[in-house]
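*Asks:* Here it is, the structure in full.
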Amino acid sequence: MVAALACACLTAAGCAGDGGQSPAAGPGAATRTGSPSPSSPPSSTAPSAPATSPSAEPLPRGPLTGRTVVIDPGHNPGNREHTREINSQVDIGTGRKECDTTGTATDSGYAEARFTLDVSRRLRTLLEEQGAEVVLTQDGDRPFGPCVDERARIGNKERADAVVSVHADGSATGNRGFHVILPAAVDGGGADTAKIVTPSRELGVRIAGNFVRATGSAASNYIGGGTGLDTRDDLGGLNLSTVPKVFVECGNMRDPEDAALLTSAGWRQKAALGIAGGISSYLKK
Ligand SMILES: [Zn+2]
């Protein structure tokens, strides 16, 4: 989930944040396609996954050959043990916000951070099969974070053709369905989204359409007026991006019917297929 007034977050710490400089891991900690298993510590200078390193294994040639996609698994399972670090304030362009948040969970305790990582890994596999080079902002290989501003910078540094941040919401029971969050026009405070607003909307529209087809899920019945699209200016991950980027809230973890979907591996594969379909459609336009 991504904290906002509009979202019925249970606690401030339970919502996705917007954040800042992580003291523990620099941009070099991003996890690149085919990079070795991330066993090294996530300190900022870890040489295991430099952003410019070649893939360890050759990618198959496909329709996305030569394209770079950054996938941002929202939150981090370790954030709960690092509240001091993730509560540090960072600049998000339109203000200051927490570095990161713990995310939400289902009533049975399935954490949003586990969900986002699982869907992101499935998504990576699907995109790599089409030839795309894929970079994850975190791959379960660091103790917490990254902060939201660093998440944005990883996509910028990679000059990604598309960036997708994967989340699930934490709203009231009865609130159901997915929505895609698009960047608003923001200018000032170190943020300038003028160039990404239009392409990000196109990316988001294509993801929303493919998500419906792949999962059978309806667009959110509580955000976006039935369009499955929402535009926000309070997320550093979007405000600080210089490349096309959207967030996908795949469902509401606090609703029992949505939770039954989100906790299903089969459904998560469908979700990944929908997101991959939208990215692929956008990149091949
Ligand atoms: Zn989230």
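Listed here are the residues, each with its yes/no results for (1) buried (at least 19 other Cβ atoms within 10 Å of the Cβ); (2) closer than 27 Å to THR263 by Cβ; (3) of a type in the set (Phe, Trp, Tyr).
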| residue | (1), (2), (3) |
| --- | --- |
| GLU129 | no, yes, no |
| ARG159 | no, no, no |
| ASN175 | yes, yes, no |
| ILE181 | yes, yes, no |
| GLY188 | no, no, no |
| PRO199 | no, no, no |
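*Asks:* Has the stretch 269-284 got at least one residue that is among the polar types (S, T, N, Q) and assigned to a loop (DSSP other than H, G, I, E, B)?
*Replies:* Here is the first cut: in the stretch 269-284, the ones among the polar types (S, T, N, Q) are 269, 280-281.
Right, trim to assigned to a loop (DSSP other than H, G, I, E, B) and you get none.
No: the stretch 269-284 contains no residue that is among the polar types (S, T, N, Q) and assigned to a loop (DSSP other than H, G, I, E, B).
*Asks:* Take PRO58 and tell me if it is of a type outside the set (Phe, Trp, Tyr), away from the ligand (no atom under 16 Å from the Cβ) and at pLDDT 90 or above. Before you say what the answer is, go through the steps one by one.
*Replies:* On the way: of a type outside the set (Phe, Trp, Tyr): yes; away from the ligand (no atom under 16 Å from the Cβ): yes; at pLDDT 90 or above: no.
It is false that PRO58 is of a type outside the set (Phe, Trp, Tyr), away from the ligand (no atom under 16 Å from the Cβ) and at pLDDT 90 or above.
*Asks:* Can you find a residue that is modelled with pLDDT of 95 or more and closer than 18 Å to VAL135 by Cβ anywhere in the stretch 31-48? Quick ask: steps written out before the conclusion?
*Replies:* Quick first cut of the stretch 31-48, residues modelled with pLDDT of 95 or more only: none.
No, every residue in the stretch 31-48 fails to be modelled with pLDDT of 95 or more and closer than 18 Å to VAL135 by Cβ.
*Asks:* Failed condition for GLY225, given (1) under 28 Å from GLY66 (Cα atoms); (2) at pLDDT 95 or above, with all others met?
*Replies:* In the conditions (1) under 28 Å from GLY66 (Cα atoms); (2) at pLDDT 95 or above, GLY225 misses (1) alone.
*Asks:* On to the next question. List the number of the failed condition for VAL134; all other conditions in (1) outside any strand (DSSP E or B); (2) more than 16 Å from LEU262 (Cβ to Cβ); (3) not charged (D, E, K, R) hold.
*Replies:* The one condition VAL134 does not meet is (1).
*Asks:* Checking VAL243 against (1) of a type outside the set (D, E, K, R); (2) more than 23 Å from ARG122 (Cα to Cα); (3) in contact with a Gly (Cβ under 8 Å, 6 or more places away or on another chain), which test does it fail?
*Replies:* Every condition holds for VAL243 apart from (2).
*Asks:* Please note which helices (runs of 4 or more DSSP H) are completely contained in the stretch 145-244 and include at least 3 residues that are in contact (Cβ under 8 Å) with a residue 40 or more places away in the chain and more than 18 Å from the chain's Cα centre (by Cα).
*Replies:* In the stretch 145-244, 197-215 are the helices (runs of 4 or more DSSP H) which contain 3 or more residues that are in contact (Cβ under 8 Å) with a residue 40 or more places away in the chain and more than 18 Å from the chain's Cα centre (by Cα).
*Asks:* Go over the candidates GLY204, GLY209, GLY188, GLY155 one by one and state the one that is modelled with pLDDT under 95 and away from the ligand (no atom under 15 Å from the Cβ).
*Replies:* Just one listed residue meets the conditions, GLY188.
*Asks:* Going by what's in this entry, would ARG114 be described as basic (Lys, Arg) and away from the ligand (no atom under 14 Å from the Cβ)? Let's see the steps before the verdict.
*Replies:* Numbers: basic (Lys, Arg): yes; away from the ligand (no atom under 14 Å from the Cβ): no.
No.
*Asks:* Within the stretch 224-257, restricting attention to residues that are over 26 Å from GLY188 (Cβ atoms) and among the hydrophobic types (A, V, I, L, M, F, W, C), which residue is surrounded by the most Cβ atoms within 10 Å (Cβ to Cβ)?
*Replies:* Looking at residues that are over 26 Å from GLY188 (Cβ atoms) and among the hydrophobic types (A, V, I, L, M, F, W, C), I get CYS250.
*Asks:* Something else now. Mind checking whether some residue in the stretch 94-116 is crowded, with 20+ Cβ neighbours inside 10 Å, more than 23 Å from ALA184 (Cα to Cα) and either modelled with pLDDT under 95 or acidic (Asp, Glu) (or both)?
*Replies:* Yes; the residues of the stretch 94-116 include at least one that is crowded, with 20+ Cβ neighbours inside 10 Å, more than 23 Å from ALA184 (Cα to Cα) and either modelled with pLDDT under 95 or acidic (Asp, Glu) (or both).
*Asks:* In addition: Taking the stretch 79-103 on its own, how many of its residues are within 15 Å of the ligand (Cβ to nearest atom) and either part of a helix (DSSP H, G or I) or of a type in the set (S, T, N, Q) (or both)?
*Replies:* Final tally of qualifying residues: 5.
The values are calculated or read from the model by the stated rules, or taken from the named source; none is laboratory data. Just so it is clear, the model here is predicted, and its values are computed rather than measured. Because the Cβ atoms are built from the backbone with ideal geometry, glycine has one as well, and the counts that use them run over all protein chains shown.
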